[in-house]
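Nothing in this text is a laboratory measurement; each read-out follows from the coordinates by a stated rule. Quick caveat, the model's predicted, so the values are computed rather than measured. Counting neighbours? That spans all protein chains shown, and the Cβs are built from the backbone with ideal geometry, glycine included.
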Amino acid sequence: MSSAPLIGITGRTKTAGELNMKPETFRDLHLDVYYCDYARAVISAGGLPVFLPVSADPARYADRLDGLLLSGGTDIEPERYGQAPSAELYTREPERDAFELALLDGAADAGKPVLGICRGIQVLNVHGGGTLHQHIAPHACHDQPPDSIVHRVDLTEGSLAASLYGPSIRVNSLHHQTIDDLADGYSATGRSDDGAVEVIEAHRRPWMGVQWHPELMGSRDSDPVFDWLVQAAATG
């Protein structure tokens, strides 16, 4: 039986105190934190998830992994895309920014497929030279359960996204930033009803980003975007 493709999944570093872990004497110890739903989605699609600690050298992953999943999370440093920080920014983690951008450098050199989710689509865009809207409050539906379906995304005919989902998909929404200037080398192939970019696809690489959280929706274990990532990793 052939081996399952290794899919690297990014996370974040927190202290035990930030997570209210006991005992108090552990509060300054650091933990690598990952949402299990990403891994469960990869497993359901036939892949083997590998959590990627930020403390490792990202260049060493390029030849070991078969694919990469950039997960959701905190805001990217606006200086990375040539803007001053707005007052509405959430927590920033510059070390994570540097790590994930370097992971993309390695994935590009090695020709590995990449799926970016929420923050991940934004990292893809910034890596390519694009910019972000720093605060779009109506999209941050944090007052609802994470799997709540809140709007429709219309997909471009002939795009990869449309081949996976059809002409449209109804999704959740847990982000407060969106793509502004689209990076060179990408097409915006999905938009919400207010025009926000919800899907991007690279022209010359197997790289795709979605702004919603498919790993948190009820369709997670059959969502075709994870099948696409694992199959691209297996054949790449």
Can you list residues whose amide H is under 5 Å from residue 198's amide H, if they're 5+ apart or on another chain and H is modeled 1.01 Å from N?
190, 191, 192
With label points built 7 Å along Cα→Cβ from the Cα atoms of residue 90 and residue 24, find their separation and express it in nm.
3.0 nm
Can you work out the Karplus-derived ³J(HN,Hα) for every residue in segment 162-176? Use 6.51 cos²θ - 1.76 cosθ + 1.60 with θ = phi - 60°, whole Hz, and x for glycine or proline.
5, 5, 7, 10, x, x, 7, 8, 9, 9, 7, 7, 9, 10, 10
DSSP-loop trypsin sites (Lys or Arg not before Pro) across segment 35-128, with at most 14 other Cβ within 10 angstrom:
64
In whole Hz and in residue order, list the ³J(HN,Hα) couplings for segment 58-72 that follow from phi through the Karplus curve 6.51 cos²θ - 1.76 cosθ + 1.60, θ = phi - 60°; x for Gly and Pro.
x, 5, 6, 7, 3, 8, 8, 8, 9, x, 9, 10, 8, 8, x
Let me check I've understood the local charge: for residue 122, count other residues with C-beta under 14 angstrom from its C-beta, Lys and Arg +1, Asp and Glu -1. What total comes out?
-4
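For an R0 of 30 angstrom, estimate the FRET efficiency from the Cβ-Cβ distance between residue 57 and residue 36 and round to the nearest 0.05. All intermediate terms of the calculation are to be shown ahead of the outcome.
Numbers: r = 25 Å, r/R0 = 0.85.
Taking R0 as 30 Å, the efficiency between residue 57 and residue 36 is 0.75.
Output the antiparallel fraction of DSSP beta bridges having both residues in segment 6-235, as a percent to the nearest 5.
Numbers: 22 of 38 bridges.
Restricted to segment 6-235, the bridges split so that about 60 percent are antiparallel.
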Spacing of the two label points (7 Å from each Cα toward its C-beta) at residue 227 and residue 157, in nm:
2.4 nm
Normalised by the number of residues in segment 6-235, what is the relative contact order in percent for Cα pairs under 8 Å and 6+ residues apart?
21 percent
Before rounding to the nearest 500, sum -39500 (n - 2.57) across all DSSP H runs of length at least 4 in the chain and divide by the residue total; then give [θ] at 222 nm in deg cm²/dmol.
-6500 deg cm²/dmol
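Go through segment 148-216 and name the trypsin sites (Lys or Arg not before Pro) that are in a DSSP coil and have 11 or fewer other Cβ atoms within 10 Å of their Cβ.
Numbers: sites: 152, 170, 191, 204; in loops: 204.
Answer in residue order: 204.
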Karplus-derived 3J(HN,Hα) from phi for segment 123-135 (6.51 cos²θ - 1.76 cosθ + 1.60, θ = phi - 60°), whole Hz, x at Gly and Pro, runs 5, 4, 5, 5, 4, x, x, x, 10, 10, 7, 7, 7
Pairwise FRET efficiency - residue 14 versus residue 83, Cβ, R0 = 35 Å, nearest 0.05:
0.85
